[in-house]
Amino acid sequence: IDTNGEDPNSVTVTGLPNDAVYDVIVYTKGGVIGRGGDYTVAGSGGGSIDAGLSDGLVAYWNFNDGDFNDSVGDFHGEERGSDPIMFTDGPSGSFGPALNLDGVDQFVEITGGDNTALSFAGGSMAMSAWFRVGAFDKSWQALIAKGEGNRWRIHRRGGDGGFAHAGGTGEGAAGVDLEMDKWDHVVALSDGEAVDFGTRLYVDGEIYTEYDQTPDLGENDKNVMIGENPDANGRTWNGDIDLSLIHIS
């Protein structure tokens, strides 16, 4: 969308099922986030994004209040690390603050709520986040994770320069190298019925990796970690993370 205050325009999407959840992302001309001023997203009945678009949302950490709380439930987080976690500006002014993790020992551990509920065992799930890589300074670095095996995780794979995603399946090779110090958007999907795919990872609206194997998400009692892996410690993220979401699709 290329728009400005003098020449507003709109896009209407119809025919989407009402019993699903959608992340609405506005990409503007030239890829410049925030170009043209304000954007309003409305559900089918008008009004706010809550009008039918947030059904099924389980947890939402936007860090806008400078804390680590879940804004839609009780999956609240606690900071970990030798130094207090700092915040930085998100991908645009409307996003508010974002986590700024030092890559040494900082991460957010989700200690609130029933941690097994975030396993999505036997089901489907989606996760989305904005992120910025400060540095790939260790072999494995977790953006967000529930654990190893058939649990889910998104991370830098080994010494590769790109992400790999495991969401109830084994992970394959990493995707193409990611740029440093650039805001990107990621969406990870696991379809328990494997209708069109088993797992799929999008980066900036484009398919990044995809696997046909049917996911079998397993349960564990480990806490979700933002910027670390509960089953393989020492995989801390170096960079920024904003508004991570998890929901059953």
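Mind telling me which of the residues Asp55, Asp83, Asp114 ends up being surrounded by fewer than 17 Cβ atoms within 10 Å (Cβ to Cβ) and either at pLDDT below 70 or in contact with a His (Cβ under 9 Å, 6 or more places away or on another chain) (or both)? Walk me through how you get there before you give the answer.
Details: Asp83 fails: either at pLDDT below 70 or in contact with a His (Cβ under 9 Å, 6 or more places away or on another chain) (or both); Asp114 fails: either at pLDDT below 70 or in contact with a His (Cβ under 9 Å, 6 or more places away or on another chain) (or both).
Going through Asp55, Asp83, Asp114 in turn, just one is surrounded by fewer than 17 Cβ atoms within 10 Å (Cβ to Cβ) and either at pLDDT below 70 or in contact with a His (Cβ under 9 Å, 6 or more places away or on another chain) (or both): Asp55.
Total residues in region 71-101 satisfying the condition of being of a type outside the set (S, T, N, Q) and closer than 23 Å to Asp184 by Cβ: the figure is 14. Scanning region 151-183 for residues that are open to solvent by 30 Å² or more (accessible area, probe 1.4 Å) and within 16 Å of Asp212 (Cβ to Cβ), we see that the one that is nearest to the chain's Cα centre (by Cα) is Glu171. The residue that is least open to solvent (accessible area, probe 1.4 Å), counting only those in region 59-80 that are part of a strand (DSSP E or B) and not hydrophobic (A, V, I, L, M, F, W, C), is Gly77. Within region 117-137, the set of residues being open to solvent by less than 50 Å² (accessible area, probe 1.4 Å) and over 25 Å from Ser190 (Cα atoms) comprises Gly134, Ala135, Phe136. So, of the residues in region 209-235 that are open to solvent by 40 Å² or more (accessible area, probe 1.4 Å) and in contact with a strand residue (DSSP E or B) (Cβ under 7 Å, 6 or more places away or on another chain), which turns out to be nearest to Ala98 (Cα to Cα)? So, considering only residues that are open to solvent by 40 Å² or more (accessible area, probe 1.4 Å) and in contact with a strand residue (DSSP E or B) (Cβ under 7 Å, 6 or more places away or on another chain), the one nearest to Ala98 (Cα to Cα) is Arg235.
Any residue that is among the acidic types (Asp, Glu) and either touching a residue at least 60 places away in the same chain (Cβ under 8 Å) or touching a Pro at 6+ places or on another chain (Cβ under 6 Å) (or both) - is there at least one of those in region 171-187? There is no residue in region 171-187 that is among the acidic types (Asp, Glu) and either touching a residue at least 60 places away in the same chain (Cβ under 8 Å) or touching a Pro at 6+ places or on another chain (Cβ under 6 Å) (or both).
The values are calculated or read from the model by the stated rules, or taken from the named source; none is laboratory data. In this text, all values refer to a predicted model and were calculated from it rather than measured experimentally. Here the Cβ is made from the backbone with ideal geometry for all residues, glycine too, and neighbour counts use every protein chain on show. These area figures cover heavy atoms from the full protein model, side chains too; ligands, DNA and RNA do not enter into them. Shrake-Rupley method; radii C 1.70, N 1.55, O 1.52, S 1.80 Å.
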